[in-house]
1. Calculate how large, on average over all directions, the projected area of the Cα convex hull of the stretch 1-135 is; give the answer in nm² to one decimal.
2. Need one number: % antiparallel among DSSP beta bridges in the chain, to the nearest 5.
3. With θ set to phi - 60° and the Karplus curve 6.51 cos²θ - 1.76 cosθ + 1.60, what are the ³J(HN,Hα) couplings of the stretch 131-145 in order, to the nearest whole Hz, using x for Gly and Pro?
4. Between Glu178 and Leu124, 0.36 nm times their residue separation minus their Cα-Cα distance comes to what?
5. Among all stretches of the chain without exposed chymotrypsin sites (Phe, Trp or Tyr not before Pro) (DSSP loop, at most 12 other Cβ atoms within 10 Å), which one is longest?
6. Could you state the accessible area per residue of the chain in Å², with a 1.4 Å probe and every protein chain left in place?
7. Give me the distance between the Cα centres of the stretch 160-211 and the stretch 111-146, rounded to whole Å.
8. Per the helix-only calculation at 222 nm, which mean residue ellipticity applies to the chain, given -39500 (n - 2.57) for every DSSP H run of n ≥ 4 and division by its residues, nearest 500 deg cm²/dmol?
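The values are calculated or read from the model by the stated rules, or taken from the named source; none is laboratory data. Here the structure is a predicted model, which means the values were calculated and not measured. When we count neighbours, we look across all protein chains shown, and the Cβ atoms used for this are built from the backbone with ideal geometry, even at glycine. Accessible surface is based on the protein model in full, side chains and every heavy atom, while ligands, DNA and RNA are left aside. Shrake-Rupley method; radii C 1.70, N 1.55, O 1.52, S 1.80 Å.
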Amino acid sequence: MSKRLEHLLAELTLEEKASLMSGKGAWDVLPVERLGIPSLKVTDGPAGARGAGLLGSGTPALCIPCGSALGATWNPQLITELGKSLARETHARGSHVLLAPTVNIHRTPLGGRNFECYSEDPFLTSRIAVGFVKGVQSGGVATTTKHFVANDSEFERNTINSVVPERALREIYLAPFEAVVKEAQAWGIMAAYNRIDGVYACENEKILNDK
């Protein structure tokens with residue numbers, strides 16, 4: 001951590017730290033004007049960077065191939081180059097964070113968002129994801145690897161309970177997240193919507209802190 005960041009953290013009050021967890025709008029967080037901390041703005045991905053516009057807004061944007069097509073290349077170096085392009089796109093939209101990549105696992109061909117994810121194989125998914133994260137973050141844009149974790153079904157997506165054996169969780173579902181954190185130093189992780197063994201991912205102490 002840089003001395004500048006250490007200084008800012010030391011200067012933030014508890015209330016200001018809490019405010020950074022709150023949304024200013026749908027796509028940005030509150031600034032801390034007293035310390036010159038601007039509003040952090042995110043943009044949706046992973047096949048592009050569309051800024052703050054909603055679907056169908058007509059805002060032009062670069063669109064790269066979908067996740068499953070990227071996985072089919074077996075080429076992390078190529079994905080790194082695409083990541084660099086997405087960093088430039090994110091900057092062009094005045095954003096700081098790209099909500100990507102999606103590294104959930106293809107467990108059934110009926111998965112509604114399989115197209116966003118790379119493959120059914122945790123090793124291949126990890127290699128592609130690491131290349132993506134390194135490429136985007138080399139351009140000074142944060143990534144937000146998602147959805148942590150076991151969010152692999154579109155049925156009752158926001159409430160479904162994913163019951164996953166410990167070994168499968170470790171060797172299949174968590175592997176891509178571990179890779180982007182350890183190898184690519186991912187700046188962000190997005191918690192999933194679903195429950196894991198009965199506890200929602202966003203409040204799952206075991207997943208968030210114990211693993």
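1. Values: hull surface 40.2 nm².
If you wrap the Cα atoms of the stretch 1-135 in a convex hull and average its projections, you get 10.0 nm².
2. Values: 5 of 15 bridges.
Counting only bridges with both partners in the chain, antiparallel ones make up about 35 percent.
3. Rounded to whole hertz, the list is x, 4, 4, 4, x, 5, 6, 5, x, x, 10, 6, 9, 9, 5.
4. On the way: separation 54, 0.36 × 54 = 19.44 nm, distance 1.33 nm.
Working it through step by step, the gained length comes to 18.1 nm.
5. Details: sites that count: Trp74, Phe155.
In the chain, the maximal stretch lacking such sites is 75-154.
6. Values: 11180 Å² over 211 residues.
Dividing the accessible area of the chain by its residue count gives 53 Å².
7. Here the answer is 15 Å between Cα centres.
8. Values: 6 runs with 65 residues, N = 211.
Result for the chain: -9500 deg cm²/dmol, rounded to the nearest 500.
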